[in-house]
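Presented below is the structure to which this report refers.
None of the figures in this text is laboratory data; all of them are computed from the coordinates on show. From a predicted model like this one, the values you see are computed outputs, not experimental measurements. Please note: Cβ atoms are built from the backbone with ideal geometry, for glycine as well, and neighbour counts cover all protein chains shown.
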Amino acid sequence: MISAFANIFKIPELRQRVLFTLGMIVIMRVGAAITTPGVNAQVLREWFQNVADHSAGGGAAALFNLFSGGALGNCAIFSLGIMPYISASIMLQLLGAVIPKLGRLAREDGGRQKIAQYTRYATIALCIFQGYLLALSFESPQSNPFLPGISETISRLGVPLVSDPGIFFRLLTVLIMTAGTLFLMWIGDQITERGIGNGISVIITIGILAQLPAGLVQAWRTFVPSGGEASQVSPVVLVILCAFLFLVIASVIAITQATRRISVQYAKRVVGRKVYGGQTQYMPLKVNYAGVMPIIFAQAILMFPSTIMTMAFGNRPWAVEIANLLTNGWLHYLLYAVLIFSFSYFWVATQFQPAQIADDLKKYGGFIPGVRPGKPTADFLDYTMGRLTFAGALFLVVIAVLPQLLSRALNVPYMAAQFFGGTGLLIIVGVTLDTMRQVETFLLQRHYDGFLRKGKIRGRSAPRPSVSGSAISDSTVVKIIAAVGLFVIAGLAAYLSTHR
């Protein structure tokens, strides 16, 4: 595996792509540190520092700060991050499943370009809306339910968050935030075209990894306090957490890679002197078909009830108690689990079309052994996918609630606990594996060893042994080591690029 990393820089095209991607990452991290004009970033930075040890992690503001790579904590020009584009893409995908005309457009020639154009228009609209709300939050942070306790921070520092509020500040903030998100979209397109990996996914991953060094420092201060004070948490817990981190990453990799392989037999067809078909192929059905989408949907929906309760009823005791239950109580975990299960099945129902797959198999002479073509095949695929979705949804529930449970049970800072599961870890593992596959493809095309082979340079590509019926095709142990290594290296690079 070490020789594979060295071979990356022996291929000129791959070396240029990697260096270009690293250059774009540096630009992203610089933009995440440039403060928006008219905003005192020290106030918001101090507030995030105060809520970092809280089990709720600062609520929605901390979640947005995580995906923006700390840009929101700096009141930076990239505070909105790439999330408006992700939200617009999800909206268009869901509308494509509901509106037949839009769904047909996505399957036509040139339709994907139209969908991408509509997505960009929707992104601009979301940026204007979210940027205006963010400007209002900066002007009056004390009345913002997403920033609880910021009044004490402002009083302690003795300076307001915005020195000159007004319509000019709002327009300037909306313009800068919108331009920042559009610039990130352009960077993502450039990385996809001229760099390595999917650009949008790389931007999200680097934003999450940028918080890793701060999380490690927070955890170190918790377990090893300065000034000779006695630690409130046993050092044995730290060792257990390190071992548990490897176990969680291994589980996420295994479930992300796991598939149920459905054998498909194609009938023989004789055209002239050539014989087509007569071979067996496999249709992979992913265990975690929905990916990270159910967690994102569940988090977005759970934000609204507590926000509405706080805004409508103020600081009344019963309203505060219900808001706390919806934010970090047993009701929160119950609703969180139910929503993740529901959205997992909803995403599969809208994106996985067993009837269309059965028709395509029948059209091209394919059939599943032991299952009749047509509707029986569609029912079989629907039944199989339903069982896989149950396992995938159960896995998502465990991963989603794990950081909050660790933070509450072991008194671990939420900034560090969020890397033990949740949306961030799923995105990091998925993007890391996809990027490794793309790099490995470049290496194998030039007759170099990939990440999963030993040796230096091969004269020719050796055929890979076929594994039938295997749910995980590659070596999980090697991928764990590679994923953790990239996890740490990318996080430190992102941190150094901003704080140098």
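Computed values, structure above
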read-out	value
Peptide ranges 374-380, 35-41, 289-295, 7-13 listed from the most packed, as the mean C-beta count within 10 angstrom indicates	289-295, 35-41, 374-380, 7-13
Computed E for Asp164/Ala243 - FRET, C-beta separation, R0 51 angstrom, nearest 0.05	0.45
Peptides ranked, highest mean first, by Cβ atoms within 10 Å: ranges 433-441, 170-178	170-178, 433-441
By average C-beta atoms within 10 angstrom, highest first, the peptides 202-211, 90-99	202-211, 90-99
